[in-house]
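Encoded as structure tokens, the structure appears first; notes follow it.
No value in this document is a laboratory result; all are computed from the given coordinates. None of the values given here were measured: they were computed from a predicted structure. Heads up, the Cβs are rebuilt from the backbone with ideal geometry, glycines too, and the neighbour counts pull from every protein chain shown.
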Number of protein chains: 2
Amino acid sequence: MNTSPAGEARPAAGGERLFGIGAAAERAGVSQRALRYYQQLGLITPQGRTPGGLRRYSQEDLARVARIRQLQTLLGLNLDEIALVLRSEDRMAEIRLAYHAERTTCAERRDLVRESLELQQELRSTVESKRLGIEGFLTDLDARIDRTRGLLEQMTAPAAPGPEPASRSVVGH
Amino acid sequence: MNTSPAGEARPAAGGERLFGIGAAAERAGVSQRALRYYQQLGLITPQGRTPGGLRRYSQEDLARVARIRQLQTLLGLNLDEIALVLRSEDRMAEIRLAYHAERTTCAERRDLVRESLELQQELRSTVESKRLGIEGFLTDLDARIDRTRGLLEQMTAPAAPGPEPASRSVVGH
DNA sequence: TTTAACCTTAACGTCAACGTCATGTTTTTG
DNA sequence: CAAAAACATGACGTTGACGTTAAGGTTAAA
């Protein structure tokens, strides 16, 4: 990671402020290399370039990077799978816009929407199962923690006043 | 992955049936290489070996492999982190047994228990945040799915009978 | 006992997701 | 405008988690 002093946002004329790759990387919490790599894989395209060829990232771009990271770390998808998801989402937005403008419903687009819906539902089911898994893991872990706490209590307070050796609930210290 | 015909369990004498690495791998849903690799990293040690040196896995071993996979795929931990978790769990079980046998509470062990508790709590917090993240992701995804469904409906049924163009709920097909 | 199936260790290969130069360009700052 | 800071492209390096031979031993079945 670079030790650059946090480059500023550059307002051009319209008002949408853009970031150089350094500032963008810092804000997104990834390396510059990662940003270039994502671009190479077609995951993002910085909103523009300076006349000299330097990348300029918009906040929208940054949000996209955040989404990439989310899909990566939360769901454990690899970058190819992420590309699929993002492309599908992009197509949806595009179609939505087109539909909003001209009210034409051509069958080709309908099929694309159907396709997107299926992918979303597939994604949903994998995420749901992941949620269940994590939930199960958590309750199990809580049980373990309870037991560990119990043991620790027993070890620290050896003289028990009450004559009940078979208790198993948390007292909420 | 091997195309071996699903080796059988080998009952020795006591009754605890053991599996060769092929059968173990198949049951655990990992490759033989993975099992050896886990062993190399100290994550598992097959319960025993044949006189000739072949690994024998118990069901307990298989459960351990399942836990490794769980920590890997569900939480996204790497094998080094998994090693830490498992070692801590092992120490806990050991101490629990020792405490059960001789009632002695030496300070050294108490500290280990405390240490384990802290690790468990740390793990819990990361898992909890992961759960929250996934939950958020899911509700967001559900909203997206809703919107996609809505668009699809609009595109398939263009002739609207009722004069209300601003509806936004699911009808539950 | 002789296979055939299964297993051993050792060593090199692979693949994703970047990290890390090297070298030259662009932009910003004083 | 000159130096400093930020960036571009290209190419090679790294790391984790295995995959894949290679060259043999072990075990179960016939």
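Determine whether B:Leu43 is more than 16 Å from DNA strand C (Cβ to nearest atom) and within 19 Å of A:Arg144 (Cβ to Cβ).
When the stated conditions are applied, B:Leu43 does not pass them.
Matching residues to (1) out of contact with any Asp or Glu (no Cβ under 9 Å at 6 or more places or on another chain); (2) under 19 Å from A:Leu35 (Cα atoms):
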| site | (1), (2) |
| --- | --- |
| A:Arg69 | yes, yes |
| A:Leu75 | no, no |
| A:Asn78 | yes, yes |
| A:Glu89 | yes, no |
| A:Arg110 | yes, no |
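If a residue counts only when it is buried (at least 17 other Cβ atoms within 10 Å of the Cβ), within 16 Å of DNA strand D (Cβ to nearest atom) and more than 14 Å from chain B (Cβ to nearest Cβ), which helices (runs of 4 or more DSSP H) contained entirely in region A:6-108 have at least 3 such residues?
Hits in region A:6-108: A:21-28, A:32-40, A:59-73.
Using the structure shown, decide if A:Arg124 is more than 19 Å from B:Leu138 (Cβ to Cβ) and of a type in the set (Lys, Arg).
On the way: more than 19 Å from B:Leu138 (Cβ to Cβ): no; of a type in the set (Lys, Arg): yes.
So A:Arg124 does not fit the description; no.
Could you give every pair whose Cβ atoms fall below 9 Å, whose first residue belongs to region A:107-133 and is at negative phi and in contact (Cβ under 8 Å) with a residue 24 or more places away in the chain, and whose second residue is loosely packed, with under 13 Cβ neighbours inside 10 Å and hydroxyl-bearing (Ser, Thr, Tyr), counting only separations of at least 6 or pairs across chains?
Taking only residues 6 or more apart or on different chains, the pairs are A:Lys130/B:Thr73.
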